[in-house]
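**Q** The structure that follows is given in the form of structure tokens.
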Amino acid sequence: MPSPRPLFDESHTLLIQARLAVMARDPSLGEVLCRYTFDEGEKVKTLARDREKIVYSPAYVVGATRDELVEMLKGIAHAALF
């Protein structure tokens, strides 16, 4: 019997894992990030916040390290606070 198809693609999964890492390090920033959903963006080269979404380039996410994704998400969360 074949394995079930993953619920999320690789880039989405990496972003969720990075968001969990932010939550572990700084719960208040993690709480801010939980307000947003992740959505693939056609015109985005890295990550960006767009109202209630964090849009991302799958190629960037897959090529980035976990620390780079965590720092990008922390920056987005900080910007959302102000």
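The values are calculated or read from the model by the stated rules, or taken from the named source; none is laboratory data. Quantities reported herein were computed from a predicted structural model and do not represent experimental measurements. Neighbour counts are summed over all protein chains in view; Cβ atoms, including those assigned to glycine, are modelled from backbone coordinates with ideal geometry.
**Q** Looking only at the stretch 42-82, filter to residues that are part of a strand (DSSP E or B) and over 15 Å from Q17 (Cβ atoms); which one of those is modelled with the lowest pLDDT?
**A** The qualifying residue modelled with the lowest pLDDT is D50.
**Q** So which residues in the stretch 58-82 are under 11 Å from L15 (Cα atoms) and surrounded by 18 or more Cβ atoms within 10 Å (Cβ to Cβ)?
**A** V61, A64, L69, V70, M72, L73
**Q** So is E31 loosely packed, with under 14 Cβ neighbours inside 10 Å and outside any helix (DSSP H, G or I) or not?
**A** no
**Q** Still on this structure, please answer the following. Whether any residue in the stretch 8-20 is of a type in the set (D, E, K, R), over 10 Å from the mean Cα position of the chain (by Cα) and either at pLDDT below 95 or loosely packed, with under 12 Cβ neighbours inside 10 Å (or both) is what I want to check.
**A** Yes.
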